Amino acid sequence: MQDDTQSKPQSEPIVTGDSTVLQPGLFAGAPTVIAEPPDPTVTPFPPLVRTNPLTDQSSLAACALPYQQELKLRGKSDYTITCFLSDLKMFSDFIGRDTPVGRINKEQVTDWLMKLKFGTKGQVPAPKTMARRVTFLRNFFSWLGRDGVIREDPSASLTLERPLPPLPELLFDDEVQRLQEAAAQDARCHCLVYLVLHAGLKKEEVKGLKLDQIDLSDPQAPMVAIRFPASTGKQHRERSLALPARFATILKQYQAQYHPTGELFACTDRNLNYILARAVKLAGIKKRVTLQLLRDTFAVQQLRANVPFETLREKLGLSDEAWMESREKYRRLAFPK
């Protein structure tokens, strides 16, 4: 009689009796034991990855799952994790998946980047893609260095040449004023526009905002607390922001007219865009105005009011990597030469 375990497809995880999963490696190698949390509602995501401790003799392939876990614990987005793991696979294919990480030197790292940039005729990657791959290398090897796996970082001397993105066309002061006056015609739109212009929230933060995160105990100093579920791994972006006293009145008017419960704005991305678009049209503004543009306007106004760059980064809730690009964008917008 054939063993049940052997009859399962190789691509499927094998559940054992002690609630562990034997999952195939990311690079199609030996399975790695991953312990499932006893209660997913109690144990925050991600689950503990049990692997042998990495050393300088560990292969690149052996680093894949621990690196994936590291990225999740650091609160990286799913998109970033997917991109970095793809870059790791490409790098491993070039260097050799069995190559010990302690033997990788800066010449090999540079050779890989040069091959990507010039190795295939007619397939030159975009500058932004190359910049991301440099970011991956620095992130990957700095992680190995922090954990004491390697002594020297072969990516330390790499220069990150980020392409300068096109600058958005900000609203002039009179356009900001007209937009706020137009938004005031509808209590919900007024609350939305005022909140982003004066707190600089991202669209996803606006959508996730709940009434109990807004503190009006002192109407002269309203506060909004940006919080994220533990499962998202975004606790590094949590912060409390002060709003002008006028926001207390605007919020009460919105509550009286729309009676929100739980979420402040119980609507989709498309609804939020439509709410803003109506106010833009009413204000007679011809520029392309988005919630991101209002966030950019907030950031530039903060810099022009002599708010330090690091303080602005904290107000915007940006990671160090995201701030590298955003800082230059806001500097160029606030202080053009």
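The values are calculated or read from the model by the stated rules, or taken from the named source; none is laboratory data. The model shown is predicted, which means the values in this text are computed figures rather than measured ones. Ideal geometry is used to build each Cβ from the backbone, glycine not excepted, and the neighbour counts take in all protein chains shown. With ligands, DNA and RNA removed, areas are computed over all heavy atoms of the protein, side chains included. Shrake-Rupley method; radii C 1.70, N 1.55, O 1.52, S 1.80 Å.
When you check Gln253 against the structure, is it more than 27 Å from Leu318 (Cβ to Cβ) and out of contact with any Pro (no Cβ under 9 Å at 6 or more places or on another chain), yes or no?
yes
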Exercise. Among the numbered criteria (1) buried (at least 19 other Cβ atoms within 10 Å of the Cβ); (2) at pLDDT below 95; (3) out of contact with any helix residue (DSSP H, G or I) (no Cβ under 6 Å at 6 or more places or on another chain); (4) not aliphatic (A, V, I, L, M), which single criterion is violated by Lys128?
Worked result: (1)
For this session: Return the residue satisfying two criteria in turn: it lies in the range 62-110 and is open to solvent by 40 Å² or more (accessible area, probe 1.4 Å) and among the hydrophobic types (A, V, I, L, M, F, W, C), and of such residues it is nearest to Ala322 (Cα to Cα).
Result: Leu73
For this session: Give, as residue ranges, the helices (runs of 4 or more DSSP H) completely inside the range 168-265 that count at least 2 residues that are within 28 Å of the chain's Cα centre (by Cα).
Result: 187-199, 203-208
For this session: Could you please find all residues in the range 210-253 being β-branched (Val, Ile, Thr) and either crowded, with 17+ Cβ neighbours inside 10 Å or touching a helix residue (DSSP H, G or I) at 6+ places or on another chain (Cβ under 9 Å) (or both)?
Result: Ile214, Val224, Ile226, Ile250
Seminar exercise, completed: Taking first residues from the range 314-337 that are touching a residue at least 24 places away in the same chain (Cβ under 8 Å) and second residues anywhere that are open to solvent by less than 40 Å² (accessible area, probe 1.4 Å) and charged (D, E, K, R), the pairs with Cβ under 6 Å that are 6 or more apart or on different chains are Gly317/Arg237; Gly317/Arg239
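Residues are listed down the side, and each one gets a yes or a no for (1) among the small types (Gly, Ala, Ser); (2) surrounded by 14 or more Cβ atoms within 10 Å (Cβ to Cβ); (3) not in a helix (DSSP H, G or I):
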site: Leu276; (1), (2), (3): no, yes, no
site: Val280; (1), (2), (3): no, yes, no
site: Gly284; (1), (2), (3): yes, no, yes
site: Arg288; (1), (2), (3): no, no, yes
site: Gln292; (1), (2), (3): no, no, no
site: Asp296; (1), (2), (3): no, yes, no
site: Gln302; (1), (2), (3): no, yes, no
Problem set entry | Complete set of residues in the range 175-209 that are modelled with pLDDT of 95 or more and open to solvent by 40 Å² or more (accessible area, probe 1.4 Å) | Gln177, Arg178, Glu181, Ala184, Gln185, Arg188, His198
For this session: Count, please, the residues in the range 119-152 that happen to be assigned to a loop (DSSP other than H, G, I, E, B) and hydroxyl-bearing (Ser, Thr, Tyr).
Result: 1
Exercise. With respect to Leu293, is the statement that it is touching a residue at least 24 places away in the same chain (Cβ under 8 Å) and within 20 Å of the chain's Cα centre (by Cα) true?
Worked result: yes
